[in-house]
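The structure appears right after this line, and notes come after that.
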Amino acid sequence: DVSRACTLWAAAGEKVRGQGTILAKNRDYKPEKSELRLIIPDKGFKYLGIFPVEGSGFQGLVAGVNEKGLAIVSATAGSISKTKRNKGTKGLNERILASFESVDSVTADTAMLKKSHPVFYMVADKNKAAVIEVAPGGKTAVKTVENGILFHTNHYLDELLTNANEKIGTSSLKRLDRIGYLLKNHSEQFSIEDFILFGSDTAEGPDNSIWRTGGSPKKERTLATWIVLIPKQGNPELYIKFANPGQPEFELDMKLDTSFWTEGLE
């Protein structure tokens with residue numbers, strides 16, 4: 001089962017042009033539309049994110065950033081059974097964006113993370129990025145970088161959790177290798193433009209590339225790229241590319257300044 005197979009990657013600190021962090025996700029799923037929504041909760045911080053528009057089952061935020069400059073993306077734990085994946089709390093992406101201001105505050109809330117359904121989260125603020133792996137039974141592993149890179153696909157990588165993997169998909173392995181190669185072999189500091197290029201990479205064919213086009217009409221493909229740059233000083237910048245089925249691809253590029261959070265998506 002490779003549903004919601006996604007590629008997540010990040011860079012932080014000296015690796016980023018102008019310092020700060022860049023966090024990215026390619027959202028892969030069977031063809032369905034997704035849209036950008038600005039959420040103003042009754043309590044907590046405003047946040048902006050990508051939400052699936054149709055499809056069955058739980059349809060929560062898949063990538064987002066809040067007004068405090070905390071961003072989150074997530075990916076399915078495709079290497080375990082669907083039954084195991086569905087046990088535990090869902091909707092944590094939204095809760096984290098409404099309630100937290102920093103990577104440290106998220107990773108410190110071990111009680112919340114242990115209750116999560118098995119999944120992979122990547123979070124970033126202007127100072128650092130972290131990947132959080134949640135395995136069945138509430139086992140968690142966290143890796144944080146202040147100067148460096150992170151990348152993840154759909155199977156457990158932390159040595160404490162690799163025994164949770166039941167079956168690792170070819171696509172998950174190939175995408176992991178490819179995004180790792182692109183990040184490690186980039187000699188300059190990273191910019192949003194570099195991450196856009198990585199996100200559109202088709203080197204491994206229709207079903208195993210970072211940007212997947214799907215080997216047949218109903219097969220999984222990449223439906224969106226989400227990239228957010230969170231500088232040490234100044235406002236975050238967001239790039240999104242949507243590939244909604246039956247529609248031309250379209251791109252958005254925006255600065256998330258104070259007026260954006262007060263006036264919204266005009």
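The values are calculated or read from the model by the stated rules, or taken from the named source; none is laboratory data. Since the model is a prediction, treat every value here as computed from it, not as a measurement. Because the Cβ atoms are built from the backbone with ideal geometry, glycine has one as well, and the counts that use them run over all protein chains shown. For accessibility, only protein heavy atoms count, side chains too; no ligands or nucleic acids. Shrake-Rupley method; radii C 1.70, N 1.55, O 1.52, S 1.80 Å.
At-a-glance table
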{"quantity": "Residue of Ser209, Ser81, Ser191 that the Gaussian network model of the chain assigns the largest fluctuation, springs spanning Cα pairs under 10 Å", "calculated": "Ser81"}
{"quantity": "Rel. contact order, % - alpha carbon contacts under 8 angstrom, at least six apart, the chain", "calculated": "23 percent"}
{"quantity": "Surface share of carbon and sulfur [accessible, 1.4 angstrom probe, percent] for segment 221-262", "calculated": "51 percent"}
{"quantity": "Probe 1.4 Å, all protein chains present, accessible-area order of Arg178, Arg85, largest first", "calculated": "Arg178, Arg85"}
{"quantity": "Around Ala71: net Lys/Arg minus Asp/Glu count, Cβ-Cβ under 11 Å", "calculated": "+2"}
{"quantity": "Which of Thr107, Thr202, Thr89, Thr153 is most accessible, then next, and so on - probe 1.4 Å", "calculated": "Thr202, Thr89, Thr107, Thr153"}
{"quantity": "Net charge contributed by nearby residues that have their C-beta within less than 14 Å of Ile196 (K/R +1, D/E -1)", "calculated": "-4"}
{"quantity": "Rg in Å to one decimal, and Dmax rounded to a whole Å, for segment 27-90 via C-alpha atoms", "calculated": "13.4, 37"}
{"quantity": "Net dipole in debye of segment 1-128 [+1 Lys, Arg Cβ; -1 Asp, Glu Cβ; about Cα centre; nearest 20]", "calculated": "320 debye"}
{"quantity": "Within a Gaussian network of the chain (alpha carbon springs, distance under 10 Å), most fluctuating of Val123, Val131, Val106", "calculated": "Val106"}
{"quantity": "Helix-only mean residue ellipticity at 222 nm for the chain, each DSSP H run of n ≥ 4 adding -39500 (n - 2.57), per residue, nearest 500", "calculated": "-5500 deg cm²/dmol"}
{"quantity": "Length added when fully stretched, Lys114-Lys90, from 0.36 nm per residue minus Cα-Cα", "calculated": "7.5 nm"}
{"quantity": "Dipole axis of the chain (+1 Lys, Arg; -1 Asp, Glu on Cβ), positive-most option in Tyr121, Gly180, Gly246", "calculated": "Tyr121"}
{"quantity": "Accessible surface, segment 164-238, averaged per residue in Å² (probe 1.4 Å)", "calculated": "48 Å²"}
{"quantity": "Segment 12-143 pair-distance distribution - Cα-Cα, 5 Å bins, rounded %", "calculated": "2, 10, 20, 23, 21, 15, 7, 2, 0"}
